[in-house]
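For reference, the structure discussed in these notes is given below.
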Amino acid sequence: MERYLLLLDKDHDYLDWAAKKLEADGIRVLKCDDAEKALQVIEKVNVEIAIVDIRIPTSDGGTGLAVLKQIKAAAKNWSEMLFIVTASFPTAAQLVDATQLGAYDILKKESLTFELKKIVEDAWQVIDARRLVEDSLPNRNEIIKDNDVIGSSKEFQDLFKLVGKVAQTDAPVLVTGESGTGKELVANSVHIYSGRSHEEMIALNCGAIPDNLLESELFGHEKGAFTGAGFKRIGRFEQCDKGTLFLDEIGDMPLSVQVKLLRVLQEGTYSRVGGNEVLSTDVRIVAATNKNLAIEVAEGRFREDLYYRLNVVELHIPPLRERVDDIPQLAEFFLKKITKKQGVAGSLGGNMRLSTEAIEKLCAQPWPGNIRELENTIARACALAGSDVLLPDDIILAESTRRPIVSTISSTDVQRIMSQAPDGEDVVSWITNRLVNECVSAAKGDHLMAAKKLNISVVELEGLLSAR
């Protein structure tokens, strides 16, 4: 029996190419460049896979995500249908919405040459094995703006596909990542796309509150519970009942408070400090940390049972140095945001923009402070720029960014090179240049091999070479 796959895209060259790539024995590829035509086809034919461009317009002014809803409605008798969404630069909101609308995968257009055939082959296997498709959820574009979280790298896409899935549950979530990677933004996305979005999300930094006050902050206290408690206080668990409680820097929570938090997670009950009344709460916990909690557990600073209760689903945010593809998009976003907020329009009265060379310099940095440091760097460049175009010289890096490379080279080699450093030179820079030169020479010009030896990325290596 013949099986059907639908391609929906305005690009005719792409339709022809994809059709040839995906046709196989027993599989017929149907090509459409119009949403209405696609709906008519789906009403008549049992389409099992639909590959839809996210930009495809609908008759009522919607986009590809709206088409997904219409297709699912038209094909309600074919519950086994899988959707694959294609996009040039999918935003966080599009990734989450597409996932929650039941999309099997979201592919970047530039990756289709390498990924499309394999993804579709896997999709056929999924259809044969499960005959399932996720239920449609409401489109949340009106709740969260596309620019709230920025990124189009594969790492970012994988993260937000997972956000789209976990947000539909009430499972505790642990957001991990280095400082400045945007853990609170990811936590907010989990809340926004959850069934609790109509309730409040309260954020609490466990590391910013003294240990003796954190318990009261979370659970509240009765009047007279301790010196200075002149009135009854409602805690955060009471304030955000039915909502989401975001506990930032959970690794800094004292053990005495961890015990009470564990009870809430296990039983949904707690008592105010100094009180005997047992209170119930229905709160979704999203915790975040830049520490390795497994190490904290091993060293006795964090309860093992609480760790496993919190870490039902882990959302790990890669550091910016591992998301180099996102840096140009983030930099442009921060530039627009900062110039709009501060009223900066460039010395010549036009709109400020980043030169290609400035973007290349940004992409070559290790960014130990991650996205927060990148935003500060763009703000500094805007404040000090001498023209409407930001040039490499306008990108003034913080001292933490201009750090020496982290090397796996032996200490003996480092000492040998240090002994050769001439007087009056910047020793750190001189040693770094020598290490880079020796590694590139030993690798016979192979930048990938040299970068691995230096324990840095190829982009960082090439940035160091170009700065000499």
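Every number in this text was worked out from the coordinates using simple rules, so none of it is lab data. Remember, predicted model here, so these are calculated numbers, not experimental data. Heads up, the Cβs are rebuilt from the backbone with ideal geometry, glycines too, and the neighbour counts pull from every protein chain shown.
Quick notes on this one:
- Straight-line cross-link reach from Lys118 at under 20 Å between alpha-carbon atoms covers these lysines, not counting any fewer than eight positions away in the same chain: Lys20, Lys21, Lys31, Lys108, Lys109, Lys154, Lys161.
- Among the GluC sites (Glu not before Pro) found in the stretch 356-399, those both in a DSSP coil and sparsely packed, with 13 or fewer other Cβ atoms within 10 Å of their Cβ, are Glu399.
- Using θ = phi - 60° in the Karplus curve 6.51 cos²θ - 1.76 cosθ + 1.60, the 3J(HN,Hα) couplings for the stretch 215-229 round to 4, 5, 4, 7, 10, x, 8, 8, 4, x, 4, 7, 4, x, 7 Hz; x is entered for Gly and Pro.
- When the P(r) is computed for the stretch 246-354, the part past 24 Å accounts for 51% of the Cα-Cα pairs.
- Spin-label pair Lys242/Arg372, simplified geometry with 7 Å Cα→Cβ offset, distance in nm: 3.4
- Residue order, fewest to most beta carbons within 10 Å, for Val67, Val41: Val41, Val67
- Percentage relative contact order, the stretch 167-316, counting C-alpha pairs under 8 Å, at least six apart: 35
- Neighbour net charge for Arg28 - beta-carbon separation under 11 angstrom, K R +1, D E -1: -2
- Subtracting the Cα-Cα distance of Thr269 and Ile295 from 0.36 nm times their residue separation leaves 6.5 nm of extension gain.
- Rounded to the nearest 20 debye, dipole of the stretch 321-394 from Cβ charges on Lys, Arg, Asp, Glu: 340
- Largest-first principal axis extents of the Cα set of the stretch 167-316 (Å): 42, 39, 27
- Derived value for the stretch 194-275: Kirkwood hydrodynamic radius 13.3 Å. Basis is the mean of 1/r over every pair of different alpha-carbon atoms.
- Calculated FRET efficiency, Trp124 to Lys165, Cβ-Cβ distance, R0 = 25 Å: about 0.70 to the nearest 0.05.
- Descending Cα extents along the principal axes, the stretch 321-394, whole Å: 36, 23, 17
- Per-residue Cβ neighbour counts within 10 Å put Ser197, Ser441 in the sequence Ser441, Ser197, beginning with the fewest.
- The residues Phe231, Phe246, when put in order of fewest to most other Cβ atoms within 10 Å, stand as Phe231, Phe246.
- Pair Gln40, Asp158: separation of 7 Å Cα→Cβ label points (nm): 4.3
- Vicinal HN-Hα couplings computed from phi for the stretch 281-292 (Karplus, 6.51 cos²θ - 1.76 cosθ + 1.60; Hz; Gly/Pro x): 8, 10, 10, 8, 9, 10, 10, 9, 7, 9, 9, 8
- Local net charge near Asn205, Cβ-Cβ under 9 Å (Lys/Arg +1, Asp/Glu -1): -3
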